[in-house]
Amino acid sequence: MQALDQQYWNNRYQQKETGWDIGYPSTPLKEYIDQLDNKDIAILIPGCGNSYEAEYLLEKGFSNITLIDIAPSLTKKLEEKFAKELNKRIRIITGDFFEQQQQYDLILEQTFFCALDPSMREQYVQKMYELLKPGGKLVGVLFGRSFEGGPPFGGSREEYEPLFSKKFKIEILEACYNSIKPREGTELFVKMARSVNRES
C-alpha cells in the first residue's frame, strides 16, 4: 500500500481527490458545537481538511481554534481563507499531528481517524490522551462500517470501545441520528472524556 505521508495527502488536495469533503460542517459536529457555551475553550481540529467546522466555530464566536494538517498546499489555502483571524482567534499548523505538544479542552474528530492506517490507532488514542487537558473531550464522528481498501478505513463500535476505553471515559458511542443523507447508517457519534488517572 502507498505510504499515507505528506506527499500522498498533498497530492490528493492538489488533484482535488477529496471525496470526503462535503462542503459544509457535518451536522453531528455542528449540532454539538451549538450546545457549547464557553467560547474561550482551546479547540483542536486535526487533519482539518478544508475546515468548514472551523468556519462555523468562528461564526459562533469561538476564540481559540487550532487547525493541523500535514498537506502544505492545503494549509496555505487555509491561511488565505482565514487571513483576518489568523494568529488572533485561529492558528494553523502545517505538520504531523503526532508531533504536537500543546494541550486542548476539546478535540473535534472529523474524517481524521479514518484517514490513518489502522496500525496507528493505538498511537492515535495515546496522542489524543496527551493532547487533551485532564477532563478534556474528544468529540466527533467515526465510521461504523468497513471499506474495501482505504483510506478511508472503517471499523465498528465493538472495535472502538476497547480501543478508546484504555484512556477515555466513553460518554457516547452510538449511531448518529443526524448524519448527512449519503452517510446515514454508517456513522457513530463519539463523545469521550480524557481519564485523569491513566498515565501509562
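The values are calculated or read from the model by the stated rules, or taken from the named source; none is laboratory data. All of these numbers come straight from a predicted model, not from anything done at the bench. Ideal geometry is used to build each Cβ from the backbone, glycine not excepted, and the neighbour counts take in all protein chains shown.
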Exercise for review: Could you tell me which residue of segment 147-185 is farthest from Ala115 (Cα to Cα), considering only residues that are of a type in the set (Ser, Thr, Tyr) and buried (at least 17 other Cβ atoms within 10 Å of the Cβ)?
Suggested key: Ser179
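Which ranges mark the strands (runs of 3 or more DSSP E) fully within segment 98-200 that have 2 or more residues being of a type in the set (A, V, I, L, M) and touching a residue at least 60 places away in the same chain (Cβ under 8 Å)?
Answer list for segment 98-200: 104-110, 132-143.
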Check your understanding: So which of Glu187, Glu161, Glu174 ends up being in contact with a helix residue (DSSP H, G or I) (Cβ under 9 Å, 6 or more places away or on another chain), among the acidic types (Asp, Glu) and modelled with pLDDT of 95 or more?
Key -> Glu174
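Can you tell which of Gly140, Gly144 is among the small types (Gly, Ala, Ser), buried (at least 20 other Cβ atoms within 10 Å of the Cβ) and under 26 Å from Glu59 (Cβ atoms)?
After ruling out the rest, the residue left standing is Gly140.
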Exercise for review: For Tyr13, indicate whether it is modelled with pLDDT under 85, buried (at least 19 other Cβ atoms within 10 Å of the Cβ), over 23 Å from Leu138 (Cα atoms) and of a type in the set (Phe, Trp, Tyr).
Suggested key: yes
Exercise for review: Check segment 89-107 and report whether any residue there is within 19 Å of Thr27 (Cα to Cα), surrounded by 20 or more Cβ atoms within 10 Å (Cβ to Cβ) and modelled with pLDDT of 95 or more.
Suggested key: yes
Study note, to complete from the structure: Within segment 117-140, the residues that are closer than 18 Å to Ile172 by Cβ and in contact with a Leu (Cβ under 7 Å, 6 or more places away or on another chain) are Val125, Met128, Leu132, Gly136, Lys137, Leu138, Val139, Gly140
Review point. Within segment 43-63, restricting attention to residues that are buried (at least 19 other Cβ atoms within 10 Å of the Cβ) and either acidic (Asp, Glu) or at pLDDT 95 or above (or both), which residue is nearest to Phe112 (Cα to Cα)?
Key: Pro46
Practice item. Could you tell me which residue of segment 110-130 is surrounded by the most Cβ atoms within 10 Å (Cβ to Cβ), considering only residues that are closer than 19 Å to Phe189 by Cβ, of a type outside the set (Lys, Arg) and modelled with pLDDT of 95 or more? Key: Met128
Check your understanding: Quick check: is even one residue across segment 110-122 over 21 Å from Asn50 (Cβ atoms) and in contact with a Lys or Arg (Cβ under 7 Å, 6 or more places away or on another chain)?
Key -> no
